[in-house]
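The values are calculated or read from the model by the stated rules, or taken from the named source; none is laboratory data. All values reported here derive from a predicted model rather than from experimental measurement. Virtual Cβ from ideal backbone geometry, glycine too; neighbours counted across all protein chains shown.
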Amino acid sequence: MAFAYKTREHVAETVQNITESSEIPANEGGAECSQQEKDIRECLRRTKQALLLSETRLARAQKIACMGSWEWDIASGDLYWSAELYRIFGLTVGEPATITMEWLYTRIHPLDVVAFKTAVRNTVKSGVALDINYRIISGNESEIVVNSQGELEYDESGCARLISATTLDITARINAESKIQQLINYDSLTGLPNRSLLHDRLHLAIAQASREKQLLGVLMLDLDRFKSINETLGHRTGDKLLKAVAQRLLACIRDSDTLARLGGDEYVAILAGVAHEEGIATVAKKILAVVAEPFYIDGNEIFTTCSIGIATYPTDGEDSHTLLKHADLAMYQAKEMDRNRFQFFSREMNNLVLERMMLENSMRKGLERGDFFLVYQPQIDARSGKIFGMEALLRWHHPDMGLLPPDRFIPLAEENGLIIPLGEWVLRTACRQNKAWQDQGLPLVRVAVNLSAKQFGQYHLDEVVASTLLETGLDAEWLELELTESAIMKEADKNIALLTKFKEMGISVAIDDFGTGYSSLSYLKNFPINRLKIDRSFVRDITTNPDDAAIARIIIDIARSLNLSVIAEGVETRAQMQFLSFNNCVEMQGYLFSRPVPAEEFAELLLNGLTI
């Protein structure tokens, strides 16, 4: 079967020949043509011009649309190919003049030849409309994508006679669609599958694992302290680090696995067809090792680590949403356990994390609803039994869980940043309450307020404290700020300047839990502080443990030598009180004197005094 080259120009030429050779009968006697004959010739001429004009317009339209037309005579094998179809194939019009099926197959991409043959065969046999996308190798050996659409025509006897079709160059459209799909399904920075494609891949992987009765591992990975790298070296370096991490992670998994980037510094790996959990753990260990190796980016040597949470199908979930959620919870737990490690999901962990999430949500609402309140524990002079100060302590009355101690919610507030507004509320409330007692004529005492490490690192903390004193009307001498050793040792030079401002304002500063941190004489000498607090962990066994007794004596001696006051917290027995008094520590607080009490009860203590 051969495709004979015939164009519509040939058809027009045929019309021309018919016009010129038409035998028009002459008048009797040889007279000139009648008017009727002239009209016939004029009609034929106009028909030819109209046909040529129509063909010109069609050729122009096909060229603009990058569309060619063709007709295949099924019986004879003849093929009509428009000039534009030659151009689409990158060929010179009319060359080759005769096209065989075997030659045509060599121009179609080898992977698409079978599909093309099948589509044409189905059109001939069943009359279904032809509609197929396929690739061709053009005359300059480049690859383009075309779409052919056509219909089957029948002869008078109902037999298949002709396929009439068009072929359109859709390369630009396919490329545009490909770019759109790339944007929809892939991360623009790393080229990895994004969240949308991840869910599709995970859904398919779950279905495969279910059919083959195998495990499926989902690894949620997050870089440790990436935010500080971004802030220190800039987002450009941070982006390069994310790309470099992606390349290392790809080297840790198989081609059959999936690595995706969720956004930020979070990645997810899907390990399909796993025989046992040990295999998943092996991959996790490999990832931890390769990420911990230094990265060299823009002249910087960057060290980072990662935390990995692992959930497995079907143990930890049977759908993509559940598996990702549980892997995320496990990753959160890995970060809680000092980072640079992996953690498998467990039900117990899930319950703990869900409780933390519930507390966090409740905490935000509780601050607005007024669920938080302060209690006050008196600080006394053991020589006179008089109250000289108090410590303001935060409590939370949860609407569902009842009264919660600070260790249930303060660490969480530190992590999620709520400690800043919460701490400001404590400072403002304590100062306002102390001022109210003074206005009532009660004895003047100092109120001690704890500042967390995150609060102490707050921008313009001195201005926050100053504005609080101004707002509440409390004189600075009646406020004491308690800080931990570790808090003031971070950025020591900056903190010395801040503490100096507090001292100039007339505010006292105490080091809380002294002896549990740095306990360095050099910083005690340089920091403008007023008081040391002996931690309750030393006071508890001070009368039975020689080491605790020795530490307490050292702290007292240090304070005296530096002209600092010293106070012991957690005093619960008279033996403890007598030991401390004998060793020249007379300022104390603890259950021996009073538990922390609400504001109304503390006012009674100020009015009536304590009985020791």
Residues that are polar (S, T, N, Q): find the helices (runs of 4 or more DSSP H) completely inside segment 439-552 holding 3 or more of those. 461-472
Name every residue in segment 283-335 that is more than 21 Å from Lys213 (Cβ to Cβ) and hydroxyl-bearing (Ser, Thr, Tyr), in order of residue number. Tyr296, Thr304, Thr305, Ser307, Tyr332
Does segment 203-233 hold any residues that are surrounded by 12 or more Cβ atoms within 10 Å (Cβ to Cβ) and among the small types (Gly, Ala, Ser), and which are they? Ala205, Ala209, Ser210, Gly217
Starting from residues that are within 21 Å of Asn563 (Cα to Cα) and within 38 Å of the chain's Cα centre (by Cα), keep the ones in segment 460-488 and report whichever is modelled with the highest pLDDT. Glu482
Select from segment 413-426 the residues that are touching a Leu at 6+ places or on another chain (Cβ under 8 Å) and surrounded by 16 or more Cβ atoms within 10 Å (Cβ to Cβ) and list them in ascending order. Ala413, Leu418, Leu422, Gly423, Val426
Kindly indicate whether any position in segment 122-133 is among the polar types (S, T, N, Q), within 19 Å of Asp169 (Cβ to Cβ) and in contact (Cβ under 8 Å) with a residue 12 or more places away in the chain. yes
For segment 367-422, give me each residue that is in contact with a strand residue (DSSP E or B) (Cβ under 9 Å, 6 or more places away or on another chain), closer than 25 Å to Leu354 by Cα and not aromatic (Phe, Trp, Tyr). Asp371, Leu394, Arg395, His397, His398, Leu403, Leu404, Pro405, Pro406, Arg408, Ile410, Leu422
Could you tell me how many of the residues in segment 348-370 are of a type outside the set (A, V, I, L, M, F, W, C) and within 25 Å of Leu483 (Cα to Cα)? 2
Which one is farthest from Gln149 (Cα to Cα), of the residues in segment 57-84 that are modelled with pLDDT of 85 or more and in a strand (DSSP E or B)? Asp73
Please list, ordered by residue number, the helices (runs of 4 or more DSSP H) wholly in segment 191-299 having 3 or more residues that are under 17 Å from the mean Cα position of the chain (by Cα) and within 25 Å of Gln343 (Cβ to Cβ). 195-212, 226-233, 235-250
Answer with yes or no whether Glu604 is under 30 Å from Trp396 (Cβ atoms) and within 46 Å of the chain's Cα centre (by Cα). no
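Yes/no matrix, rows are residues, columns are (1) without any contact (Cβ under 8 Å) to a residue 60 or more places away in the chain; (2) out of contact with any Cys (no Cβ under 9 Å at 6 or more places or on another chain):
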site: Leu215; (1), (2): no, yes
site: Asp224; (1), (2): no, no
site: Ile229; (1), (2): no, yes
site: Thr232; (1), (2): yes, yes
site: Cys252; (1), (2): yes, yes
site: Asp265; (1), (2): yes, no
Within the bounds of segment 261-269, is there any residue that is surrounded by fewer than 20 Cβ atoms within 10 Å (Cβ to Cβ), in the same structural domain as Phe226 (by TED's automatic domain parsing), within 19 Å of His203 (Cβ to Cβ) and out of contact with any His (no Cβ under 7 Å at 6 or more places or on another chain)? yes
Leu524 passes all but one of the listed conditions (1) surrounded by 14 or more Cβ atoms within 10 Å (Cβ to Cβ); (2) modelled with pLDDT of 90 or more; the exception is number (2)
Search result, residues across segment 433-460 that are surrounded by 15 or more Cβ atoms within 10 Å (Cβ to Cβ) and farther than 17 Å from Ile511 by Cα: Gln433, Asn434, Lys435, Ala436, Trp437, Gln438, Leu442, Val445, Gln458
Starting from segment 492-506, keep only residues that are β-branched (Val, Ile, Thr), then list their pairs with residues that are not in a helix (DSSP H, G or I) whose Cβ atoms are within a distance under 7 Å, requiring at least 6 positions of separation or different chains. Ile496/Phe527; Thr500/Pro528
List pairs: first residue in segment 274-291 and assigned by TED's automatic domain parsing to the domain that holds Thr304 and surrounded by 14 or more Cβ atoms within 10 Å (Cβ to Cβ), second residue at pLDDT 90 or above and aromatic (Phe, Trp, Tyr) anywhere in the structure, Cβ distance under 6 angstrom, at least six positions apart or on different chains. Ala284/Phe342
Scan segment 509-522 and give yes if some residue there is assigned by TED's automatic domain parsing to the domain that holds Cys585, within 38 Å of the chain's Cα centre (by Cα) and under 20 Å from Ile420 (Cα atoms), otherwise no. no
